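To start, the structure itself, in structure tokens.
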Amino acid sequence: MTIAKLDDYNFRNKRVLIRVDFNVPLDKEGNILDDWRLKESVPTIQYLLDNGAQQIIMMAHLGRPKGEVVENLKMDKVAERFSEILGQDVAKTDDCVDIDLPYGRIVLLENLRFHKEEKSKNDWERQEFAKKLADYADYYVNDAFGTSHRKHASFYEITKYLPGCIGQLVEKEISIIGDALAAPNRPFIAIMGGVKVSDKLGAIKNLLKKVDALLLGGAMVFTFYKAMGKEIGKSKVEDDQLELARELLENSDNKIMLPVDVIAAVEPDAESESDVYSIDNIPKDLMGVDIGPETINIYKEIIRKAQTVVWNGPMGIFEIERFAVGTNEVADAVGECPGITIVGGGDSEEAIKNIGIADKITHVSTGGGAALEMFAGKKLIAIKALEQNYEKFKT
Ligand code: ADP
Ligand code: 3PG
Ligand code: MG
């Protein structure tokens, strides 16, 4: 299937509606904690400016406001910061639909999710909403990789009404992740961590088919240990996934690697007593909070020799500095790996940035859920919609 790219259209004197992912992390007062996603959106906007677009209408969401106006989730601060980054005025509107657009060349619509129609389960509601958005423009661009796994009006329905294409960020994300999975240089290894096996099951299953080894960390390893009949103390576990963990272990051709030692603590907090334990000796009253030093050495050795690495999910409770060692050491090794390295996942991305090695990674994805869907071998729904859009609007 073909998908249109920016170069396929002549945007001169045209109005372009672009879906961007400006869903940046905020503090309690609604101040922006990290503007990386805004920066990653610049190249496509700049392309549209350089190619003579008459007006660029950006649409985005912030947080999960459930169809109502939430003061802290208004887009004003995002508009202000994006304007500073781009070095151009950005006119922000007070609503995203039923408004007269301002005259500015670059416009940012108010949070799409202030209207329940954006995410409505009802197709017709989403379509009516998308039609109103489509009325603003001649062309549609999707440059919001991080939300492209959502069947929302601004991604899915909108492609029925305007000729569209992907922007540079989406193109970069899907080609780097897609190519690495389709034709990896070997050894190809995946590293998965985080809390739940169930959240990452699709990715684990698909990656197991492709990788030479899958290194596991985070709380999810305790579900595997319990499935193997080991004592896991008070560690986090998914009791309803034990059977599945057993099946995965049995059918993985020994590709699944589990830690040989862990850091276990009384409580998951900074003051709590903690020590290193072999996985056969986890005390009943302690919980696993990080991978141990021997595991770190084994994992680092494997990562350094890999030619392709895909990583999702921290190795421990990395928000607490004492329990961030495993995650940081693994991150370091991924940074040193000479092969193609890809990191996807909100917390994994944060971990990489905490230790300042993002520039040593081939590709840090702007999408958590979207990257996981790609790791699971699925085509993102917004990408499928644009492939159909190409068929519909090609001349
Ligand atoms: P990502 O956002 O990169 O996909 P996840 O959201 O799946 O990652 O997982 C991140 C969370 O996993 C972090 O909040 C971290 O504290 C938690 N975590 C990792 N290891 C453990 C553990 N041993 N026990 C409890 N929580 C853990
Ligand atoms: C994200 O931050 O992962 C994307 O912007 C999608 O947001 P959502 O999970 O609220 O749909
Ligand atoms: Mg997360």
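If each DSSP helix of 4+ residues adds -39,500 (n - 2.57) and the sum is divided by the residues in the chain, what number results at 222 nm, nearest 500 deg cm²/dmol?
On the way: 13 runs with 137 residues, N = 395.
Mean residue ellipticity at 222 nm (helix-derived): -10500 deg cm²/dmol.
Cross-link partners of Lys384 among lysines, defined as those whose alpha carbon lies under 16 angstrom from its own and excluding same-chain residues fewer than eight positions apart: Lys5, Lys151, Lys160, Lys392, Lys394.
For the stretch 162-303, the dipole from Cβ point charges (+1 on Lys and Arg, -1 on Asp and Glu) about the Cα centre works out to 640 debye, to the nearest 20. The residue list Asn297, Ala324, Met374 was ranked by how far each Cα lies along the charge dipole of the stretch 288-388 toward its positive end, using unit charges on Cβ atoms, and Met374 comes out on top. For the stretch 179-234, lysine pairs with C-alpha atoms less than 15 angstrom apart, excluding pairs fewer than eight positions apart on the same chain, total 4. Taking amide H atoms as placed 1.01 Å from N in the peptide plane, the amide H of Val343 lies under 5 Å from those of Trp311, His363, Val364, Ser365, each 5 or more residues away in sequence or on another chain.
Within the accessible area of the stretch 1-123, what % is carbon and sulfur when the probe is 1.4 Å and the other protein chains stay in place?
Carbon plus sulfur share of accessible area: 42 percent.
Can you list the residues, at least 5 places off or on another chain, whose amide H is less than 5 Å from the amide H of Gly193, using H built in the peptide plane? Residues meeting the criterion, in which the H sits 1.01 Å from N, are Gly217, Asn312, Gly313.
Helix 381-393 versus the longest principal axis of the chain: what angle, 0 to 90°, nearest 10, using Cα atoms? Once rounded, one gets 30 degrees. Which listed residue (Gly194, Leu214, Val20) has the Cα farthest towards the positive end of the charge dipole for the chain, taking +1 on Lys and Arg C-beta and -1 on Asp and Glu C-beta about the Cα centre? Result: Val20. Here is the list for the stretch 28-108: chymotrypsin sites (Phe, Trp or Tyr not before Pro) lying in DSSP coil, each with at most 15 other C-beta atoms within 10 angstrom of its C-beta, are Tyr103.
When each of the peptides 242-253, 344-355 is scored by the mean number of other C-beta atoms lying within 10 Å of its residues, the order from highest to lowest reads 344-355, 242-253.
For Lys236, the solvent-accessible surface computed with a 1.4 Å probe is close to 120 Å², ligands and nucleic acids excluded.
Between Lys230 and Glu273, the FRET efficiency estimated from the beta carbon spacing at R0 = 25 angstrom works out to 0.70. Across the stretch 361-372, coupling constants 3J(HN,Hα) worked out from phi with the 6.51/-1.76/1.60 Karplus curve, θ = phi - 60°, read 9, 4, 8, 9, 6, 7, x, x, x, 5, 5, 4 Hz, and Gly and Pro carry x. Across the stretch 269-281, rounded Karplus estimates of 3J(HN,Hα) from the backbone phi angles (6.51 cos²θ - 1.76 cosθ + 1.60, θ = phi - 60°) give 9, 5, 8, 4, 5, 8, 7, 8, 9, 5, 5, 8, 10 Hz, Gly and Pro being marked x. Rounded to the nearest 10 degrees, the inclination of helix 76-86 to the longest alpha-carbon principal axis of the chain is 90 degrees.
Given +1 on the Cβ of Lys and Arg, -1 on the Cβ of Asp and Glu, and no further charges, what dipole in debye does the chain carry about its Cα centre, rounded to the nearest 20? In total the dipole reaches around 1500 debye.
Taking each residue as 0.36 nm, the span from Asp253 to Tyr103 lengthens on full extension beyond its C-alpha to C-alpha distance by 47.9 nm.
Sequentially through the stretch 245-258, phi angles give Karplus couplings (6.51, -1.76, 1.60; θ = phi - 60°) of 4, 4, 4, 4, 4, 5, 9, 9, 6, 6, 7, 6, 10, 10 Hz, Gly and Pro residues having no value and appearing as x.
With Cβ to Cβ distances under 12 Å as the rule, what net charge do the other residues near Ile189 carry (K, R +1; D, E -1)?
Numbers: positive: Arg186, Lys210, Lys255, Lys300, Arg304, Lys305; negative: Asp212, Glu301.
Computed value for this residue: +4.
Keeping all protein chains in place, calculate the accessible area per residue for the chain (probe 1.4 angstrom), answer in Å². Before the final figure, lay out the partial values.
Numbers: 17250 Å² over 395 residues.
In whole numbers, the chain has 44 Å² accessible per residue.
Principal-axis analysis of the Cα atoms of the chain puts helix 293-305 at an angle of about 50° to the longest axis. On the protein heavy atoms, probe 1.4 angstrom, tell me the percent of accessible surface of the stretch 217-290 carried by carbon and sulfur. Percent of accessible area from carbon and sulfur atoms in the stretch 217-290: 45. About its Cα centre, the stretch 45-88 has a charge dipole of approximately 200 debye under the convention of +1 per Lys or Arg Cβ and -1 per Asp or Glu Cβ, with nothing else charged.
Put +1 on the Cβ of each Lys and Arg and -1 on the Cβ of each Asp and Glu in the chain; which of Val90, Ala306, Phe11 then has its Cα farthest toward the positive end of the dipole? It is Phe11.
How charged is the neighbourhood of Asn122? Take every other residue with its Cβ under 13 Å from the Cβ of Asn122, and add Lys/Arg as +1 and Asp/Glu as -1.
Values: positive: Lys116, Lys119, Lys121, Arg126, Lys151; negative: Glu117, Glu118, Asp123, Glu125, Glu128, Glu157.
Once all neighbours under 13 Å are counted, the net charge is -1.
Between the C-alpha center of the stretch 359-395 and that of the stretch 274-323 there is a gap of 31 Å. Averaging Cα coordinates gives a centre for the stretch 237-267 and one for the stretch 177-196; these two points are 19 Å apart. Compared with the direct C-alpha span, the chain from Ile355 to Asp89 gains 92.4 nm at full extension, assuming 0.36 nm per residue. Label positions at Lys196 and Trp124, each projected 7 Å from the Cα along the C-beta direction, are separated by 3.3 nm.
The values are calculated or read from the model by the stated rules, or taken from the named source; none is laboratory data. The shown structure was predicted, so the numbers you read here are calculated from the model rather than taken from an experiment. No Cβ is skipped: glycine too gets one built from the backbone with ideal geometry, and neighbour counts run over all protein chains shown. Keep in mind that these areas ignore ligands, DNA and RNA; they rest on the heavy atoms of the full protein, side chains included. Shrake-Rupley method; radii C 1.70, N 1.55, O 1.52, S 1.80 Å.
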